[in-house]
Structure formats: C-alpha cells, structure tokens
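Chemist: Sharing a structure, written as structure tokens. Questions coming.
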Amino acid sequence: MGFPHPSHPKETVLLSRYFGDAEARTYDGWVARGGYEALRKALAMTPEVLIEEIKASGLRGRGGAGFPTGLKWSLMPKPDGRPRYLVCNADESEPGTFKDREILRWTPHQLLEGCAIAAHAIGAERIYIYIRGEFTEPLKVMRAAVEEATARGALGSNALGSGRRIDVVLHRGAGAYICGEETAMLNSIEGRRGNPRIKPPYPAQAGVFGMPTTINNVETLAAVPHIVTRGAAWYKGLCLGNPKSTGTKLISICGHIQRPGNYEVTMGTPVKEILYDMAGGPLEGREFKAIIPGGSSVPIMTREEAESALFDYEGIVEKGSMLGSAGMIVMDDSTDMVYQIWRLARFYAHESCAQCTQCREGTAWTTKVLERILAGKGRAEDFQLLLDLSENMTGKTICVLSDSCAAPVVSGIKKFRHEFEAYIQGAREPAMVAV
Ligand SMILES: Cc1cc2nc3c(=O)[nH]c(=O)nc-3n(C[C@H](O)[C@H](O)[C@H](O)COP(=O)(O)O)c2cc1C
C-alpha cells in the first residue's frame, strides 16, 4: 500500500492531517485523536441549528458542482414519517482525481462521522456509501470501520446514546464512470442500470427508492466534523480569494510534474504556488504547456491562464475553466495536445450510458474525427465539424457527461489550434494508423 508524501509547509492540513497514520483508521485511534466528539456535539444540536451552521460556514460540494452544502440539506422536505436517505458519493471515477480514495483508506472514521452528522441534519436513519468498484483496499478499510463504529455504538440503533438510529450500508459499484452522476447512482443502488434520471423531480423530493435523499461527495462530508468542532466562522475564515469559496480543498496533481500527489490548500491559494512550491514544478528541462484543473471534464487552461489563477471556484472560472473535482492534470511541452484530447474523447465515448442521442453519437463521432486527424487524414472543415458536434453536446442532455467531452475539445481547438493544423496540413507525422 502506498503512503502519501509528507505534507508541504504551505499546505493547510485539515482533512488530510492523518493520511499515512495507520492508527487513525481504528475506532480507538480515531477517538484518541478527538474523533466522534463532533458527532456527539452535533447530536445535541437540532437539525435546524446544525444546517444553519453548515450554511454559515460557506461549505460547497466538493464533487464538482460546488453547490452550497447547507442549502442542499435544507431542501429536504419536512419529516413526514417516510424513510429518507443520505447517499455518500465515493465513486471517484473522474480522470486525474484521487483525493476521496485517500480519505476512505486513511480516515474512514472521519468520513463516517461526517456522514452521521449529515444524516442527523436531514433526519435520515440510513446512509448509503457508494464506493467505486475498483477501490478494493478502501472498501476493506471502510468495511472494518463501519463494523467497528457500529459495534462500539457510534453508529447503529442508538448512535452515541442519542436515541437516534444511524445505519451505514456500503454499496460497491461495478466500475462505471456514469454511476458517479448522482441520479445514475440512485438507480444503481436500486439495482437498476446506472442511467441518469431526468430532473425534476430532484433527489430531495424523490431519490433512492423514491424517497427524499441528499447526495454528497466524500470530501464534502469529511469537512463537516471540522466545522461542527471549530465553528462556521473559523471555517469561513479559511479563505485567500473570493469569499464565496471557503475552507480547504484537496487537490490531486498528476502528469508531468516533479511531485505528483494530493495536496490540501486554503481556498484561494495561487495556482503557481501549488504547481511550483508544493508540487515541485516541471520535470527536468521541460516547461508546462497546459493544465486541466478540475479532472478531465473542464476546459483546458494554458500555462499562462493557470499560473495567473487563484485556486477557488471563482478564480478558476475567471481564467476560463472550472474547479470541478480539483484533479489537476499537468501537461508539459512534450505533450501532443491533439492526442491527449482524443484520449479524453475516447474515455467519454466509452463511458457514455448511451441514453441521450447527442451524447451517444456525439462522443463517438468526436472520437472518430480526432482519430482521422491524428491519422493524417483530417480535413480543413473538421474544425467546424468538431465545434458543431460540441455545441450539440452542450446543455442538451439529461446529465453533463457529453458537456464534459465537449469542454476539452472546444478549449483545445481554441487554444492549441496550430497543433490540429499541423496534422491536417501534413506538417506533422501521423500519430495513428489509418482509421
Ligand atoms: C458524469 C458525472 C460523473 C460524476 N462523478 C462524480 C464522482 O465520481 N464523485 C462525486 O462526488 N461526484 C460526481 N459527480 C457529481 C455528482 O453528480 C454530484 O453533483 C455530487 O456527488 C454532489 O455532491 P456534493 O454536493 O457534495 O459535491 C459526477 C457528475 C457527473 C455528471
């Protein structure tokens, strides 16, 4: 099992504090580190007060969309005797993103505590944690933690003696990217094909088994105990950029960089500091060329755009992309951008659930056109064709998987057009055999 790198002095280590500390994975180890005190405190609060506290902290969803967490919890209907559920999204299939995995494998009780607090806030007695199928080791760790926390009375029929029932069910996915989309996940939990559902109704009205449901990402929920312990004002104060982006953010960095790995930073930290000071800068003799800052589903940034941005929701948007899942894919000057964009398009074509025509056809067609260009058989009109396809894939489908395919294609053509032209004009050797 791999160990994380030691934290960098410029990091703000909060959720990642016990990464690499094997004792923190046990119930006693977690309690010795102050664990489950936040849950005890939260259980003594009314759900309304708890939700207000989370709202005041400014916490926003870390799964990609950045939706305010307290607001999401408050959208659950008033208890009416029907079951209601919390679903924790631990599917983490976004390319370049591996931060939730570290929370699951090193601090399972941090996550369970956050889940239990959220369950109390929304009035749920059952929590589903949907774990990515490939996460064999995190699943093992989580299973042991759920068993221990239940046996020790933190979870179960009388959570920490509060009289509240909080049960956790671990649901293992089968390895489909689309099941990370929240409504596809609900179908998958119900044993159906993981196709996204049309909204409305939203999960808060009709979620898993048709009951009111809140879905939150692993990192979102893992931040909750810290807010309960130290207060909303303290959490809100963790902010170096736009006041709408608060707290810390785990960033997964991969690709052409000296020290890939997970880093935890205060929202608003300059991207340049993250890339050079924390992650060590480019590889020997190389220069950064492009960065995808939020997993693969967001527009590509040029080096200049990325290096002048602040790392928070607004700062990345200001420079033409999105924070997404905060998986930073770094590419240096040795990168063939056309080839990389094709790799991404092929991923989305493979992972499309095929429910919507624009996605099913658009992702596959885009992949084929890019293959043609890479094979040296591209045509001048292929630029317009790719842009038309992307337009048809944006904002027209049940979920945003096809928008995610369009984002790197459109930004890639806009910012690295000369690399496409080199293939089309025969100035570059084909990178692919004939299609
Ligand atoms: C195709 C697709 C894949 C997604 N994959 C994930 C994922 O792996 N993990 C995740 O937390 N959110 C994922 N999301 C976002 C979820 O639908 C949802 O917004 C998120 O889990 C809500 O939690 P949050 O508010 O705490 O961020 C995905 C969305 C789409 C459209």
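Throughout, read-outs are computed from the coordinates displayed, never taken from laboratory work. As the structure is a computational prediction, the values presented were derived from the model and not from experiment. So basically every Cβ, Gly included, is an ideal-geometry build from the backbone, and we count neighbours across all protein chains shown.
Chemist: Compare the Cα positions of Phe383, His350, Pro4 along the charge dipole of the chain (+1 at Cβ of Lys, Arg; -1 at Cβ of Asp, Glu; about the Cα centre) and return the one farthest towards the positive end.
Modeler: His350
Chemist: Between Ile251 and residues 5 or more places away or on another chain, which pairs have amide H atoms under 5 Å apart, with H built 1.01 Å from N, and which residues are they?
Modeler: So Ile251 has HN proximity to Tyr263, Glu264, Val265.
Chemist: Now for a separate question. In terms of the Cα gyration tensor, with a ≥ b ≥ c the square roots of its eigenvalues, is the stretch 176-220 rounded because a/c is under 1.5, prolate because a/b exceeds b/c, or oblate? The partial results should precede the final answer.
Modeler: Details: a/c = 1.59, a/b = 1.07, b/c = 1.49.
Cα axes put the stretch 176-220 in the oblate bin.
Chemist: Let me spell out the model: positive unit charges on the Cβ of Lys and Arg, negative unit charges on the Cβ of Asp and Glu, origin at the Cα centre of the chain. What dipole size does that give, in debye rounded to 20?
Modeler: Details: 50 positive and 50 negative charges, 198 e Å.
The dipole magnitude comes to about 940 debye.
Chemist: Continuing with the same structure: Under the rule of at least 5 residues apart or a separate chain, name every residue whose amide H is placed under 5 Å from the amide H of Gln205.
Modeler: Result for Gln205 returns Thr213.
Chemist: OK, next. Report the label-to-label distance for Asp80 and Lys10 in nanometres (one decimal), using points 7 Å from each Cα along the Cα→Cβ vector.
Modeler: Rounded to a tenth, the inter-label distance reads 5.2 nm.
Chemist: Determine how many Å³ per residue the convex hull of the Cα atoms of the stretch 22-236 encloses.
Modeler: It is 112 Å³ per residue.
Chemist: If you don't mind, another one. What are the ³J(HN,Hα) values, in whole Hz, obtained from phi via the Karplus relation 6.51 cos²θ - 1.76 cosθ + 1.60 with θ = phi - 60°, for each residue of the stretch 91-104 in sequence order, with x given for Gly and Pro?
Modeler: The phi angles translate into 7, 4, 10, 5, x, x, 10, 8, 8, 5, 4, 5, 5, 5 Hz.
Chemist: Taking other Cβ within 10 Å of each residue's Cβ, how do Phe383, Phe416 sort, fewest first? Could the numbers behind the result be given before it?
Modeler: Details: Phe383 17, Phe416 20.
Fewest to most other Cβ atoms nearby, the residues stand as Phe383, Phe416.
Chemist: Treating the beta-carbon of each Lys and Arg as +1 and of each Asp and Glu as -1, no other charges, what is the dipole magnitude of the stretch 317-435 about its Cα centre, to the nearest 20 debye?
Modeler: In total the dipole reaches around 160 debye.
Chemist: May I pose another question? Aspartates and glutamates near Lys78 by alpha-carbon distance under 12 Å, same-chain residues fewer than 8 away left out - which ones?
Modeler: Filter leaves Glu48.
Chemist: Also, quick follow-up: Over the chain, how many percent of alpha carbon pairs lie in each 10 Å bin up to the one with the longest distance?
Modeler: Here the calculated profile for the chain is 5, 21, 30, 25, 13, 4, 1, 0.
Chemist: Then there is this: ³J(HN,Hα) across the stretch 367-374 via Karplus (A = 6.51, B = -1.76, C = 1.60, θ = phi - 60°), whole Hz, x for Gly/Pro?
Modeler: Karplus-based 3J(HN,Hα) across the stretch 367-374 equals 4, 5, 5, 5, 5, 4, 5, 5 Hz.
Chemist: Among Tyr27, Tyr423, Tyr348, Tyr202, rank each residue by its count of other Cβ atoms within 10 Å, from fewest to most, as a rough exposure measure.
Modeler: Lowest count first: Tyr202, Tyr27, Tyr423, Tyr348.
Chemist: How big is the equivalent ellipsoid of the stretch 337-424 along its three axes, where each semi-axis is √(5λ) from the Cα gyration tensor, reported in whole Å from largest to smallest? All intermediate terms of the calculation are to be shown ahead of the outcome.
Modeler: Working: eigenvalues 89, 28, 23 Å².
Result for the stretch 337-424: semi-axes of 21, 12, 11 Å.
Chemist: Right, another one. Considering only the chain, what is the antiparallel percent among its DSSP beta bridges, to the nearest 5?
Modeler: Values: 16 of 38 bridges.
That works out to approximately 40 percent antiparallel.
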